[in-house]
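Undergrad: Mind looking over this structure? Questions follow.
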Protein chains: 2
Amino acid sequence: MHAANQVAKRWFRVTPIGRVRRPGATEFDPGAYYDPFAEAALEIQPRWADALTGFEDYSHLLVIFWFERARRARKPRQQVPEGREGLPEVGLFATRTPRRPNSLGVSAPRLLRREGCNLWVSGIDAWPGTPILDIKGYAPRDDLRLDATVPNWLETLWAAHDEERGGHEKMVWPS
Amino acid sequence: MHAANQVAKRWFRVTPIGRVRRPGATEFDPGAYYDPFAEAALEIQPRWADALTGFEDYSHLLVIFWFERARRARKPRQQVPEGREGLPEVGLFATRTPRRPNSLGVSAPRLLRREGCNLWVSGIDAWPGTPILDIKGYAPRDDLRLDATVPNWLETLWAAHDEERGGHEKMVWPS
């Protein structure tokens with residue numbers, strides 16, 4: 001069994017096309033809370049400027065970024081989401097933990113405006129300085145799943161978040 | 001200008017956690033058409049089995065995969081989508097071309113069932129053998145954007161697809 005798992009690993013490499021910038025935030029402060037709904041800029045490198053032509057005609061986008069500060073998961077970790085009593089232990093793929101086999105994050109922020117190579121967005125939960133690997137326009141046919149349902153524990157977790165955050169409008173589904 | 005763009009590149013590395021399997025399809029046939037809505041299996045490596053605990057409680061998922069057969073874009077390419085007359089030239093980020101600076105694809109298929117380390121899905125547009133880098137449960141709060149709008153040219157393109165495919169039910173929004 002162990003031997004069968006010893007498949008030769010292949011590696012691919014990725015490189016940042018830009019960075020997340022949060023005006024007023026220091027480049028990295030592990031204790032800081034970054035309001036995910038505050039405006040942030042996706043600063044795309046000038047060399048990719050021409051690849052942004054027409055991008056401003058999308059209202060939302062998909063960003064793939066690299067969890068630069070997270071350790072890569074080397075084992076199939078399981079955890080109780082946020083360590084909260086009453087929630088079941090689930091595997092890392094069932095959560096959005098940054099500790100994953102590949103440190104990839106996905107976010108679907110609103111595109112507020114484009115200023116040259118800066119894409120101003122709201123609704124991205126990423127630290128300032130986070131490397132951006134790819135951006136794609138959000139296309140409802142491909143990306144919107146109206147009938148999507150989630151595990152009970154996630155509904156419970158969201159309800160707890162809403163209560164703790166005073167039911168702030170910005171957290172109401174669908175944000 | 002040129003000198004200013006000579007920023008030292010950083011690279012991160014990613015490795016497959018599994019592969020896409022399409023029953024009955026050969027591993028790679030560049031001429032083949034793979035019905036994206038046919039059932040496909042995401043074969044996750046057995047070493048990650050425990051990381052899948054609870055994953056079956058999502059109805060949909062996000063898959064990040066690697067466009068293994070596509071050349072990486074080294075320049076900010078622009079193109080007329082599918083080369084169709086009447087459509088504007090747009091930058092690669094405004095399209096879903098596999099020729100991107102980083103060869104990353106995202107898809108949001110329906111999860112039909114889990115059989116051990118095999119996640120059976122429908123609605124993934126990927127060749128058999130495609131390396132899977134990450135999977136996440138589709139969470140409406142994070143991933144569903146009800147009010148998303150797209151460029152006019154994309155609406156035009158979708159309408160053309162619908163007409164050419166005879167308005168097949170499977171292509172009707174939201175699929």
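Undergrad: Across segment B:148-167, which residue is farthest from B:Gly83 (Cα to Cα) among those that are facing chain A (nearest Cβ under 7 Å) and outside any helix (DSSP H, G or I)?
TA: Residue satisfying both the conditions and the ranking: B:Ala148.
Undergrad: Continuing with this model, one more query. Take segment A:93-118 and flag every residue that is more than 7 Å from every other protein chain (Cβ to nearest Cβ), out of contact with any Ser or Thr (no Cβ under 9 Å at 6 or more places or on another chain) and open to solvent by 50 Å² or more (accessible area, probe 1.4 Å).
TA: Scanning segment A:93-118 gives A:Pro98, A:Arg99, A:Arg113, A:Arg114, A:Glu115.
Undergrad: Only one residue in A:Ala70, A:Ala51 is of a type in the set (A, V, I, L, M, F, W, C) and modelled with pLDDT under 95, so which one is that?
TA: Only one candidate passes the filter, namely A:Ala70.
Undergrad: Output the residues belonging to segment A:56-67 that are among the acidic types (Asp, Glu) and facing chain B (nearest Cβ under 8 Å).
TA: The one that is among the acidic types (Asp, Glu) and facing chain B (nearest Cβ under 8 Å): A:Asp57.
Undergrad: Can I ask one more? Being at pLDDT 95 or above, open to solvent by 30 Å² or more (accessible area, probe 1.4 Å) and under 18 Å from B:Val121 (Cβ atoms) is the filter here; which residues of segment B:22-48 pass it?
TA: B:Glu43, B:Gln45
Undergrad: With the checklist (1) under 18 Å from the mean Cα position of the chain (by Cα); (2) within 10 Å of another protein chain (Cβ to nearest Cβ); (3) outside any loop (DSSP other than H, G, I, E, B) in hand, flag the one item A:Arg47 doesn't pass.
TA: (1)
The values are calculated or read from the model by the stated rules, or taken from the named source; none is laboratory data. Small disclaimer: the values here were computed from a predicted structure and weren't measured. Virtual Cβ from ideal backbone geometry, glycine too; neighbours counted across all protein chains shown. The protein model used for the area step is the full one, side chains on, heavy atoms only, and it has no ligands, DNA or RNA in it. Shrake-Rupley method; radii C 1.70, N 1.55, O 1.52, S 1.80 Å.
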